[in-house]
Structure formats: structure tokens, C-alpha cells
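The block underneath contains the structure these notes are about, expressed in C-alpha cells.
The values are calculated or read from the model by the stated rules, or taken from the named source; none is laboratory data. Note that this is a predicted model, so its numbers are computed, not measured. A quick note on method: Cβ atoms are made from the backbone with ideal geometry, for glycine too, and the neighbour counts reach across all protein chains shown.
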Amino acid sequence: MGLFDWLTERRRARLLEKPFPDVWMELIDDGVPIVQCLDREQRERLRDLVHVFVEEKHWEGCGGLELTDEHRVVIAAQACLLLLERDHDLYHDVESILVYPDTRVSPTRSAGFFDGSARVVSDEGQAILGEAHLGGPVILAWDDVLVGATGRGKRNVVFHEFAHKIDMADGTVDGTPPLDSRHDRQLWAAVCTEHFLRLREGEERFLDEYGATDEAEFFAVSTEVYFMQPAELKERLPDLYEVLHGFYRVELI
């Protein structure tokens, strides 16, 4: 362990010595009901991850939004659920989270390098629900955060954008998260490529068609479904479910 890693772990240990605010746990239980699927040990681990995440990241309210603990904790709980059985430093690229009160519309412009990381609902003056930038911030619309946090449907903007950040952990945006072995990478490529092409060709109708945009969006969309509708994903696309489970290692069925 290098000096920087040692100092980071020491700082986090001191932080976790502080009591976790009771009101934060209430915010998680009320605002992110999916956590009720976790066992006691997992809930305690999620609590610790949220504690660190809220304190380590820079949070900024935008568009007139005045940030509160509810904003930070509800977003952090969803983001940290993706890392529950993984390495917290997969979010080392996340320094800032910018939160708007609602969907924002960007001015019409030519396509840019980061357009593949934006969840949009139109092309003329793009309505943006969230963005994740390589080496930059995560941007979220709070009204859409709340919709996803209910655990209903397939969409969850926090899962989607933080899946992009996991994808970016190795410095590339290619739809492949950091995997442990060559075998894992080969299996991932085989399974995800098959389903990505089926989605692109219109043969796959369970996944959100936005996942056909490119491999990075396919990973983000698949992550949403893995956490939002795990039983349905396992039944309909069992091989895709298994490779995602092999990475996230969280069982919510």
C-alpha cells in the first residue's frame, strides 16, 4: 500500500468512528426502498460506504437547488449500492456531483466527445436527465433521481451515470468495467456483444433501446435493469444476468 492509499484509509477510518446520523438511515429506508432487500451485514456496509461517499465528494446544487442531506444521502445510497461488494475506489474518478432540481435542456449543438455519456430524451435542445464525464463531474436531475429511487420500472439515472463512472475507472469508455481475469473479460465480451447486437438489430425488446447507442450505454442500461428488475432479467436474459452478477456480486432477487 502506497503512502497516499494509507493516508486515505486512515482518514476513512477516522470518519467511520463518528456515529452514522439516525436521520440518514431514515432517509435511505424511506427514499431508497430497494435497500430493504439487503441483509443486516450488507446494510451496515452500505451505511459505511454512504458515510464516506457523502463526506469525500464535492456536492453542488445547480439551477437554484439548495442541497440538503436528503439529496446527498439518497444519491449516495444508490451510487454505493453498485459498489456494495466491490472496491470503493472504483469511484476515484468521481470528485463532484452536480444536482439540478429537474431535467435541464441544453442548447442545440454539434455532437461532442462526451455525448455518449449523457442520458437524453430529445435531440433538439437536449433534455438531459444525467451525465457522467471522464475526469469530470456526475450531473443529475433530482426529479429523475427520485423516480428511480422508488425501485419501480427499469430506469434509474443514478445507477446509469455511476455505471458510466465504473466503466471509466480504467480511463476508457468502452462498456467494460475493470474485470479480474482474462477469462472474465472474454466471457463479458462474448455475452455483452451478443445482446448489444441483438438490441441494435431490434431483436431484443426487454432492455431499453437506449442501450443500443453504443457499448458504454449498453453497460449502463444493463446495470439499471440488473438492480431494478433482477428477477425479470435473470428469467429473460440469464447469461447477461450472470455476467453482471459476476461483477457486481449483489443478489437482489
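Mind checking which residues of segment 106-129 are within 28 Å of Ile253 (Cα to Cα) and either at pLDDT 90 or above or hydrophobic (A, V, I, L, M, F, W, C) (or both)? Leu129, the sole residue that qualifies.
Restricted to segment 68-92, and to residues there that are surrounded by 15 or more Cβ atoms within 10 Å (Cβ to Cβ) and more than 23 Å from Leu244 (Cα to Cα), the residue that is farthest from the chain's Cα centre (by Cα) is Glu70.
Any residue in segment 68-78 that is modelled with pLDDT of 90 or more, touching a Lys or Arg at 6+ places or on another chain (Cβ under 7 Å) and in a helix (DSSP H, G or I)? Before the answer, list the steps.
Looking only at segment 68-78, we keep the residues that are modelled with pLDDT of 90 or more, and these are 68-78.
Now restrict to residues that are touching a Lys or Arg at 6+ places or on another chain (Cβ under 7 Å): none.
No; the residues of segment 68-78 include none that is modelled with pLDDT of 90 or more, touching a Lys or Arg at 6+ places or on another chain (Cβ under 7 Å) and in a helix (DSSP H, G or I).
Scanning segment 20-63 for residues that are within 18 Å of Leu82 (Cβ to Cβ) and among the small types (Gly, Ala, Ser) yields a total of 1.
Within segment 140-154, does at least one residue satisfy the condition of being β-branched (Val, Ile, Thr), more than 17 Å from Glu215 (Cα to Cα) and in a loop (DSSP other than H, G, I, E, B)? Checked against the condition, which is being β-branched (Val, Ile, Thr), more than 17 Å from Glu215 (Cα to Cα) and in a loop (DSSP other than H, G, I, E, B), segment 140-154 yields at least one hit. Would a scan of segment 157-167 turn up a residue that is touching a residue at least 60 places away in the same chain (Cβ under 8 Å), out of contact with any His (no Cβ under 9 Å at 6 or more places or on another chain) and surrounded by fewer than 19 Cβ atoms within 10 Å (Cβ to Cβ)? Checking segment 157-167: not a single residue is touching a residue at least 60 places away in the same chain (Cβ under 8 Å), out of contact with any His (no Cβ under 9 Å at 6 or more places or on another chain) and surrounded by fewer than 19 Cβ atoms within 10 Å (Cβ to Cβ). Among residues that are crowded, with 21+ Cβ neighbours inside 10 Å, among the aliphatic types (A, V, I, L, M) and at pLDDT 95 or above, Ala216 is included. If you go through segment 43-81 and keep only what is under 13 Å from Met25 (Cβ atoms) and small (Gly, Ala, Ser), you end up with Ala76, Ala77. Only residues that are among the small types (Gly, Ala, Ser) and surrounded by 15 or more Cβ atoms within 10 Å (Cβ to Cβ) were counted across segment 191-213, and they come to 2. For Asp184, the criteria (1) in contact with a Leu (Cβ under 9 Å, 6 or more places away or on another chain); (2) in contact (Cβ under 8 Å) with a residue 60 or more places away in the chain hold in every case but one, which is (1).
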